[in-house]
Amino acid sequence: MKILLALFMTLTLIYGSDATIEVIKKVDSLPSMALEDSSKNYDDTFKMTFFKSLVSDLSVISLFNVDRHYIKVDFDASEVDVKNKDMNYTLRYKLISNDNSSLSVIVKLINNNEVIFNKNYKIRNKNLHIFVSHTIAYDINEFMGQAPVEWMKRKVIFSRVTSPRQSELVIADYTLSYQHTIVKGGFNLFPKWANNKQNSFYYTSLDEKRPTLKYVNITTAKTKIVKSSDGMMICSDVSDDGNKLLLTMAPKGQPDIYLYDVKKKKTSKITRYGGIDVGAQFINDNKIAFVSDRLGYPNIFSKKLNSSLVEQMVYYGKSNSACSTFGSYIVYKARETSNSFSHNTFNLHLISTETDFIRRLTSVGINEFPRFSKDGDAIIFIKNYKEQSSIGIIRLNHNKNYLFPLKYGKVQSMDW
């Protein structure tokens, strides 16, 4: 029973559907930006796909009110299109097809009919065009003197359930526009990036005699077994240097938190509570946050690795789980309604471990599985609302939320 409850506290099943990007909150005072396409040797479908990707990325950096009208112009035109004459900025770009199927993109940012920024981009395969779009937005954000948005160029890895006891591990961009299945066949769950380079990852395989943690090197395509355990085996977090793992295991039916030293291949037990402890996250090198039912319901606690003392971190909500940490901040999922005959609301909340600061980040639907970006600038999460599931991005410093659709299948878990 404890294993089932522990899995309930850590599992998330998500349903996909088609939709367009949704901007939840808009700031009308932002400067305006228009896009102008000068491409010639690509079909209209591909050109429109790239245009929409670029509009989305430029909206997500939250610096402009981006106009969504598609306009074609000559790349060398001395002035912007007449429809854009009142825009603060115009981004003109040209897609160029090369003989080897690679894609080149030339861009220039125009202000008052003067080019203030220009750059050339090239990618080996046009099917990876979404990453060019992300990089263009990243570079414009940097040119405008804003805080870096490295997370735009990072990849998301998630487990997608395709049928009973069958799933696949998928690597995607943050908008899920690009998806590549990296592990197929079997029942594979809880993927977790093994390092900041994102060239390897861990995941739980349930196809062995016991739940087994596996490691995959993407560059060499080699897989190795890290550790197995009866009951449960989940890697919930990886230290910044990649040398320590936080594991949830239940070798004797008791879910507890364990610390695994990658180099020494040594495991040490961190919690010894008679109930359920799962989903640990590093706060720093010597402190973790985790989910426990010590109060009779799931809540967020913390403890130092070298101490037996446990501290309650959250005092708001009666069913709190699925936490993620960044520095002194913790984001977690809280159940805010208790309806026996209708859908409940689960919102994300942000707290500081140093003050009484608390901030609700979402308002409706079921919002879960939050993950901080590596720089703490954004939070990625999964949202279920009105029979639609989406991947959400919260820009904390800009107070803006964005939603992207899941295309199909059931997403069990993810990492950023």
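The values are calculated or read from the model by the stated rules, or taken from the named source; none is laboratory data. The structure displayed is predicted, hence computed values, not measured ones. Counting neighbours? That spans all protein chains shown, and the Cβs are built from the backbone with ideal geometry, glycine included.
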Going residue by residue through segment 87-107, is there one that turns out to be assigned by TED's automatic domain parsing to the domain that holds Lys72, surrounded by 14 or more Cβ atoms within 10 Å (Cβ to Cβ), without any contact (Cβ under 8 Å) to a residue 24 or more places away in the chain and within 26 Å of Ser29 (Cβ to Cβ)? no
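Considering every residue within segment 55-66, establish whether at least one is assigned to a loop (DSSP other than H, G, I, E, B) and closer than 19 Å to Asn112 by Cβ.
The initial filter retains those residues of segment 55-66 that are assigned to a loop (DSSP other than H, G, I, E, B), namely 61-64.
After this cut, where a residue has to be closer than 19 Å to Asn112 by Cβ as well, the list is 63-64.
Within segment 55-66, one or more residues are assigned to a loop (DSSP other than H, G, I, E, B) and closer than 19 Å to Asn112 by Cβ.
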Provide a single number: the residues in segment 347-361 that are at pLDDT below 90 and farther than 18 Å from Gly376 by Cβ. 1
Only one of these is surrounded by fewer than 20 Cβ atoms within 10 Å (Cβ to Cβ), modelled with pLDDT under 95, of a type in the set (Lys, Arg) and within 24 Å of Arg395 (Cα to Cα): Lys184, Lys122, Lys153. Name it. Lys153
Single unsatisfied condition, Met48 versus (1) under 13 Å from His129 (Cβ atoms); (2) touching a residue at least 60 places away in the same chain (Cβ under 8 Å); (3) hydrophobic (A, V, I, L, M, F, W, C): (2)
Kindly list, by first and then second residue, each pair from a residue in segment 193-204 that is within 15 Å of Gln281 (Cα to Cα) to a residue that is charged (D, E, K, R) and surrounded by 21 or more Cβ atoms within 10 Å (Cβ to Cβ), limited to pairs with Cβ atoms under 8 Å and residues at least 6 apart or on different chains. Trp193/Asp415
For the structure I just gave you, tell me whether Ser363 is within 20 Å of the chain's Cα centre (by Cα), of a type in the set (S, T, N, Q) and not in a loop (DSSP other than H, G, I, E, B). no
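Name the one entry in Asp293, Asp285 that is loosely packed, with under 12 Cβ neighbours inside 10 Å and either over 23 Å from Tyr332 (Cα atoms) or touching a strand residue (DSSP E or B) at 6+ places or on another chain (Cβ under 9 Å) (or both). Spell out how you get there, then give the answer.
Numbers: Asp293 fails: loosely packed, with under 12 Cβ neighbours inside 10 Å.
Asp285 is the lone residue from the list that is loosely packed, with under 12 Cβ neighbours inside 10 Å and either over 23 Å from Tyr332 (Cα atoms) or touching a strand residue (DSSP E or B) at 6+ places or on another chain (Cβ under 9 Å) (or both).
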Give the residues of segment 209-227 that are surrounded by fewer than 14 Cβ atoms within 10 Å (Cβ to Cβ) and either not in a strand (DSSP E or B) or not assigned by TED's automatic domain parsing to the domain that holds Leu246 (or both), sorted by residue number. Lys209, Thr219, Thr220, Ala221
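So which of Phe404, Phe381 is in a strand (DSSP E or B), assigned by TED's automatic domain parsing to the domain that holds Lys184 and in contact (Cβ under 8 Å) with a residue 60 or more places away in the chain? Show your work before the answer.
Values: Phe381 fails: in contact (Cβ under 8 Å) with a residue 60 or more places away in the chain.
Going through Phe404, Phe381 in turn, just one is in a strand (DSSP E or B), assigned by TED's automatic domain parsing to the domain that holds Lys184 and in contact (Cβ under 8 Å) with a residue 60 or more places away in the chain: Phe404.
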Looking at (1) in a strand (DSSP E or B); (2) farther than 21 Å from Pro211 by Cα; (3) within 27 Å of the chain's Cα centre (by Cα), can you tell me which one Val291 breaks? (2)
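May I ask you to verify whether Val170 is without any contact (Cβ under 8 Å) to a residue 60 or more places away in the chain, under 28 Å from Leu406 (Cβ atoms), assigned to a strand (DSSP E or B) and touching a Phe, Trp or Tyr at 6+ places or on another chain (Cβ under 7 Å)?
Numbers: without any contact (Cβ under 8 Å) to a residue 60 or more places away in the chain: yes; under 28 Å from Leu406 (Cβ atoms): yes; assigned to a strand (DSSP E or B): yes; touching a Phe, Trp or Tyr at 6+ places or on another chain (Cβ under 7 Å): yes.
When the stated conditions are applied, Val170 passes them.
Output the residues belonging to segment 67-82 that are of a type outside the set (A, V, I, L, M, F, W, C) and outside any loop (DSSP other than H, G, I, E, B).
First pass over segment 67-82, keeping only residues of a type outside the set (A, V, I, L, M, F, W, C): 67-70, 72, 74, 76, 78-79, 81.
Answer for segment 67-82, where residues must be of a type outside the set (A, V, I, L, M, F, W, C) and outside any loop (DSSP other than H, G, I, E, B): just Lys72.
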Is it true that Leu30 is over 21 Å from the mean Cα position of the chain (by Cα), buried (at least 18 other Cβ atoms within 10 Å of the Cβ), at pLDDT 90 or above and over 22 Å from Asn384 (Cα atoms)? no
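Does Asn84 qualify as being closer than 26 Å to Gln146 by Cβ and exposed (fewer than 11 other Cβ atoms within 10 Å of the Cβ)?
Numbers: closer than 26 Å to Gln146 by Cβ: yes; exposed (fewer than 11 other Cβ atoms within 10 Å of the Cβ): no.
It is false that Asn84 is closer than 26 Å to Gln146 by Cβ and exposed (fewer than 11 other Cβ atoms within 10 Å of the Cβ).
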